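Colleague: Handing you this structure, nothing more for now.
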Amino acid sequence: MNLKIEAALGYANRGWKVFPLKANQKIPATARGHKDATTDPDRIIEYWGNYPELNIGLALSESGLVVIDADIYKPDCYFDTFMRGQEMPTTLVQRSANGGTHYVFRCKPHDTFAGQLCLGVDIKHQGYIVVEPSALNEKVYEWQTDDPPADAPLWLPRKVQPTKSPTGNRQ
């Protein structure tokens, strides 16, 4: 069995939904992208068995995950500044192909998150991330820890959901 099938099946065994990305790219290889994500071993074996060069995408909200995507390799990334006074929980961490860092957390099904933590740092939840052993421009994604994802920290900004008035209109 090839390395990507094994990795994709491993993610699925954790209950995480995966889908194929074009080889050496971040672009979905299916028409519906992350909406085609699955934990079905037969579909996973079909995807990566027929096309072993495909990258692996991890659908986040469908998997109960949220990710802080810190582009720490960029000079205008303010992650270190934001984190002063904050405690980073011990969690699953991945180095991206470009040298950024993905901090992976569990979240509740009803959680929604702001799109950006600070300059140079995105909060990924409704979409997906590329995961090991995928590659981009011949550089690999690589897990830096094997810790289980911690619960999303309280300091991670959530979106405020609009409430309905007694008449049913959004406020």
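Colleague: L9 versus (1) open to solvent by less than 40 Å² (accessible area, probe 1.4 Å); (2) without any contact (Cβ under 8 Å) to a residue 24 or more places away in the chain; (3) farther than 22 Å from T101 by Cα; (4) not basic (K, R): which is the lone unmet condition?
Modeller: (2)
Colleague: Given the conditions (1) crowded, with 21+ Cβ neighbours inside 10 Å; (2) without any contact (Cβ under 8 Å) to a residue 40 or more places away in the chain, which single one is not true for T38?
Modeller: It fails just one condition, (1).
Colleague: Go through G120, G100 for me and flag whichever is modelled with pLDDT of 95 or more, open to solvent by less than 10 Å² (accessible area, probe 1.4 Å), over 16 Å from D147 (Cβ atoms) and out of contact with any Ser or Thr (no Cβ under 8 Å at 6 or more places or on another chain).
Modeller: G100
Colleague: Give me the pairs, please: first residue somewhere in the range 128-149 and closer than 16 Å to R106 by Cα and open to solvent by 60 Å² or more (accessible area, probe 1.4 Å), second residue anywhere and among the polar types (S, T, N, Q) and in a loop (DSSP other than H, G, I, E, B), beta-carbon distance under 8 Å, and either six or more positions apart or on two chains.
Modeller: P148/T91
Colleague: Evaluate the range 126-145: report whether one residue or more is among the small types (G, A, S), on the phi > 0 side of the Ramachandran plot and at pLDDT 95 or above.
Modeller: No, that holds for no residue.
The values are calculated or read from the model by the stated rules, or taken from the named source; none is laboratory data. As the structure is a prediction and not an experimental result, all values here were calculated from the model. Reconstructed Cβ throughout: ideal geometry from the backbone, glycine too, with neighbour counts over all protein chains shown. Remember, those area values only see protein heavy atoms, side chains included, never the ligands or the DNA or RNA. Shrake-Rupley method; radii C 1.70, N 1.55, O 1.52, S 1.80 Å.
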